[in-house]
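Please read the structure below before turning to the comments.
The values are calculated or read from the model by the stated rules, or taken from the named source; none is laboratory data. Note that the coordinates shown come from a computational prediction; the quantities given were computed from them, not determined experimentally. As a convention, Cβ positions derive from the backbone with ideal geometry for all residues, glycine included, and neighbour counts pool all protein chains shown. Only protein heavy atoms, including side chains, enter the accessible area calculation; ligands, DNA and RNA are left aside. Shrake-Rupley method; radii C 1.70, N 1.55, O 1.52, S 1.80 Å.
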Amino acid sequence: NITGSNDAPIISIVGGDVTGDITEGTTLTDSGSLTFTDVDLNDTPTATEATLSVTTTRVGGLTAAQQTAIENAFSISADAGNTNNGTINWDYNIAEADLDFLAAGETVTAVFTITVADGNTGNDTQDVTINITVSNDAPIISIVGGDVTGDRT
């Protein structure tokens, strides 16, 4: 008698990328991928993501809205045709305005956990780390409701 048991999917990062570097004022997107295999041919694994942590060097930390914007910039998608073996792509894309509250030298590190589950109690996880660094924003002068005149001497 041969009795099978469930084999959990296995995530591999060979050739994949699980670290993103975002620099305010220049690069606001990064992406990567990881692959998975599941030897149980009747399993059809699915992937989910969750925020593991968001830390910052900013004095006073982050407001709930700031943290939400940082978390919501991360997403995953599966390659078309994934069956019991496949690829999960991750993408981080944040708007410049969502980082303007950070001052030069302040950083944010966000860690997201991707879980591949086979639907039969087997799963594997991989963390993706996003490092956000900040450049100095120049002050902006604006004129509201008036004229500016003067001599250039």
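Among (1) in contact (Cβ under 8 Å) with a residue 60 or more places away in the chain; (2) outside any strand (DSSP E or B); (3) open to solvent by less than 60 Å² (accessible area, probe 1.4 Å), where does residue 32 come up short?
Condition (2) is where residue 32 drops out.
Inspect region 7-19 for any residue being more than 16 Å from residue 126 (Cα to Cα) and either open to solvent by 40 Å² or more (accessible area, probe 1.4 Å) or in contact with a Ser or Thr (Cβ under 9 Å, 6 or more places away or on another chain) (or both) and give the result as yes or no.
yes
Can you tell me how many residues within region 105-126 are open to solvent by less than 60 Å² (accessible area, probe 1.4 Å) and either part of a strand (DSSP E or B) or out of contact with any Pro (no Cβ under 7 Å at 6 or more places or on another chain) (or both)?
At the first step, the residues of region 105-126 found to be open to solvent by less than 60 Å² (accessible area, probe 1.4 Å) are 106-118, 122, 124, 126.
The next check asks that each one be either part of a strand (DSSP E or B) or out of contact with any Pro (no Cβ under 7 Å at 6 or more places or on another chain) (or both); those that pass are 106-117, 124, 126.
Number of matching residues: 14.
Of everything in region 45-103, what is open to solvent by less than 70 Å² (accessible area, probe 1.4 Å), in a strand (DSSP E or B) and hydrophobic (A, V, I, L, M, F, W, C)? Give them in sequence order.
Hits for region 45-103 are 47, 50, 54, 74, 76, 78, 88, 90.
Given (1) in contact with a helix residue (DSSP H, G or I) (Cβ under 8 Å, 6 or more places away or on another chain); (2) over 19 Å from residue 130 (Cα atoms), identify the lone condition not met by residue 8.
All conditions pass for residue 8, except number (1).
Given the criterion touching a residue at least 40 places away in the same chain (Cβ under 8 Å) and closer than 17 Å to residue 119 by Cβ, identify the matching residue among 84, 93.
It is 84.
Of the residues 71, 24, which single one is in contact (Cβ under 8 Å) with a residue 24 or more places away in the chain, farther than 24 Å from residue 120 by Cα and in contact with an Asp or Glu (Cβ under 8 Å, 6 or more places away or on another chain)?
Among 71, 24, only 24 is in contact (Cβ under 8 Å) with a residue 24 or more places away in the chain, farther than 24 Å from residue 120 by Cα and in contact with an Asp or Glu (Cβ under 8 Å, 6 or more places away or on another chain).
Quick check on region 20-29: of everything there that is among the polar types (S, T, N, Q) and modelled with pLDDT under 85, which residue is surrounded by the fewest Cβ atoms within 10 Å (Cβ to Cβ)?
Selected residue: 26.
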